[in-house]
Structure formats: structure tokens, C-alpha cells
Amino acid sequence: MISDALKLFAKMFLAFTVLITVFLYLLAIVLGPALFYFTPEGLTASTVHFSALKIWFLNIPVSVPIGLDVGALFFGLWSIFILSFVAAWKLRENFHQTIKESVVQPTRKLFSSSLFAMPILNSMTLLAVIAINSFQEAGGIPTGTPPMQGEPFLDFFDFAYFAVVEEVGFRLIPIGAFLIIYLFLTKKREVTFSLSQKIKLFFTAILFPDNAKRMVGAKTVNEHGVRSGISVGEWGMVLFTAIVFGLAHFNPGVSWEIGKVSSATVAGLVLGLSYLLYGIQASIIMHWFFNVYSDTFFLLSELHPAAASFANGTVIFNVILGILGWSAAAILVFRRLVRGIEKRGENRQSQTTSSLQISPQ
């Protein structure tokens, strides 16, 4: 009875915490364009013109000769963020339904909803990055600082721009291209596709890898878990892109130092896995969380200093959530280890008992 009551309380607390976090996410989504388009400082920044756009394929920069104002680009970037949240809310497992059934559903089932899972994954990854950077700094390995222009709204735009462009260049194109080739080559022979179905598979493989696997009859993460649902080739691509992502952040003497490589690699690993598990919307939301979420509230505090406490509070809240997430994960791992040891002990005892038994004459 006590165990059941604790499980019920834990689920209710989890659902409540996720709801608060998602509310703060949506508040930042509304606040970002409000600051950019309805303040004098934001409007001034929005008139800055770019004669060309810089994008990346892995660590290779490519200049695209398209001239746009910052205001138009920011609108496009924020539209992508909004669409990512809509996709995370509606696809696979509806967020509203997940919250509604959170008390009766198994905990693992709750994490089938990407919007339910992202607050926990984001905060745990944030805590891991902070821990890595702090440990390295204590050992004399510098992390460095983010690349800044010195103008808050242009820096805010840059962080939003990198959140989208880096997901395209480090996740969507390289891992997506691998998935297209892999799924078309490994699909079951008895599964035949029309031209329209092949086109659908092509785009689904890029945007929602797990759904594409289901289309060709391959093992999915949703049904078989991370161990069986992710192939060796996918693991290889995720690790490769994560390492390149980490190296791309090394810009000594200018911004990020050598210590950033390791923490960015870990973040890249989680971003890649989020992409495989849930789709491109999940990795974009996570990158938005790291680059833009807290900065939205700190940008507000630049204009209204009274909001500084609230901005700092959001960071503290996410750190606490990360601590709780890692603590829960450690408890689950410990319980699984204990059960494994107990089961092996029972098996040995059973074998010993069987060997001591005297067969009937």
C-alpha cells in the first residue's frame, strides 16, 4: 500500500512539474517575438540586413547568397520553434491526453510523448553540461564564453539562428541522409511502395525517423526500446555527429575554449538520440532550450530589471529538475541491479537444490 501511494505521488509530482515547465516554455515562446517586435531596441535590431546567410553541413560552413533583414529571419526561426512545439504536442502521443492519463499510465508510457519527455531530458542534459564544465574548470581546463556581438537583441537572434541551423547541419542532413539510405536498403522484400509512398518515406525518414522505421517493418525505439530500436549504424552516426558538433564549438581566443568540446559533444549525443527517438522537433526544442529559453527571460530583465529574479529562478528550477531527474534515474538503475543480483541468487539456489536432489530408484 505504501509503495503504491509513493508511486502515485511520484507520478502526480512528475506530471505537475512537467506542466509547470511546459507553461514556462510556452511563456518564452510568446515573450520572444513580443520583445523583438514591440520594443524600440528589438525593432532597431530587426532592421539589420544580411547580404548572405551562413549555414553549416557538419563543420563545413556554406554561404547562401540570400539577403534578408533580421526581422524577417527571426519570424522564420520563431515559426520553426512554434511548429516544433505543435508537433511535440500532437504527434505520436498527444501531450494533453498523456497528462490526463498520467496517473493510470505506466511511467515509461508517459515518455512516449516528446513534449512530456523534453522538460526532463533538457534539464538532465543541462545539469550534465554544468557538471562537466565545472569539473573541467576546477582542473584548469577553460570552457570559454559564447560568441557575442555585444548587442543583446542581435545576440538573441544569433542564438535562435544557431539553434535551427545547427540542427539542420548536424542532425537533419547527415543522420537523415543515412536513415534514407539505410531504410530503403533494409526494408523487407515483401514490403512494396508506390511512388507516393516512397516520397512519404523519404520525408518521414528525415523528420520522424522512428515513424519511418515502422513504415518499412524495422524495429522502432517506441516499441523495442533504445537497445533494440537503434541500429549500430545509427549509433555510429549519432556518435560521429556529436563529436563533430563538439569540435565545431572550439574557437580558442575568440569564444569557446577546449573545455567546451566535451560538454558540447555530450549535448550533441543527447540531441542526436532525441532526434532518433522523437523526431526533429525534439532536437530543435532541446537546442532552443539551451540557446534561447533562458535568454528570453534575461533579455526581458535587460529592459525590466525587476524580472531578473524571475529569469534566475527559471535557471534554478531547471537545475533542480535535472537533479531530481538524475536522482530518479540512479534509483531506477540501483533497483534494477538489485533485482538482477537477487534473480541470479535465486537461479543459483535453484540449480544447487536440483543437483542435491536424489533421483528415485
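The values are calculated or read from the model by the stated rules, or taken from the named source; none is laboratory data. Owing to the predicted nature of the structure, the values given are computational and were not obtained by experimental measurement. FYI the Cβ positions are ideal-geometry reconstructions off the backbone, even for glycines, and counts take in every protein chain you see. Surface accessibility is based on the protein's heavy atoms, side chains included, excluding ligands, DNA and RNA. Shrake-Rupley method; radii C 1.70, N 1.55, O 1.52, S 1.80 Å.
Worth pointing out:
- Single unsatisfied condition, Leu110 versus (1) open to solvent by 60 Å² or more (accessible area, probe 1.4 Å); (2) over 30 Å from Ile243 (Cβ atoms): (1)
- If you go through the stretch 316-325 and keep only what is surrounded by fewer than 15 Cβ atoms within 10 Å (Cβ to Cβ) and either touching a residue at least 60 places away in the same chain (Cβ under 8 Å) or touching a helix residue (DSSP H, G or I) at 6+ places or on another chain (Cβ under 9 Å) (or both), you end up with Val319, Ile320, Ile323.
- Number of the condition not met by Glu101 [criteria: (1) open to solvent by 70 Å² or more (accessible area, probe 1.4 Å); (2) at negative phi; (3) among the charged types (D, E, K, R)]: (1)
- Matching entry among Val129, Val86 (being within 29 Å of Lys200 (Cβ to Cβ), modelled with pLDDT of 95 or more and not polar (S, T, N, Q)): Val86
- Any hit, the stretch 127-137, residues being in contact (Cβ under 8 Å) with a residue 12 or more places away in the chain and assigned to a loop (DSSP other than H, G, I, E, B): no
- Here His49 meets the list (1) out of contact with any Asp or Glu (no Cβ under 7 Å at 6 or more places or on another chain); (2) farther than 24 Å from Ile280 by Cα; (3) without any contact (Cβ under 8 Å) to a residue 24 or more places away in the chain almost entirely, failing just condition (1).
- Leu239 falls short on exactly one of the conditions (1) of a type outside the set (Ser, Thr, Tyr); (2) open to solvent by 10 Å² or more (accessible area, probe 1.4 Å); (3) under 16 Å from the mean Cα position of the chain (by Cα); (4) within 25 Å of Leu110 (Cα to Cα), and that condition is (4).
- Counting only helices (runs of 4 or more DSSP H) that sit completely within the stretch 17-103, those holding 1 or more residues that are of a type in the set (Asp, Glu) and under 25 Å from Asp295 (Cα atoms) correspond to 40-46.
- Residues that are within 30 Å of Val62 (Cβ to Cβ) and either loosely packed, with under 15 Cβ neighbours inside 10 Å or in contact with a strand residue (DSSP E or B) (Cβ under 6 Å, 6 or more places away or on another chain) (or both) do occur in the stretch 175-183, at least one of them.
- Within the stretch 218-314, helices (runs of 4 or more DSSP H) holding 2 or more residues that are in contact with a Pro (Cβ under 9 Å, 6 or more places away or on another chain): 232-248, 259-278, 294-303
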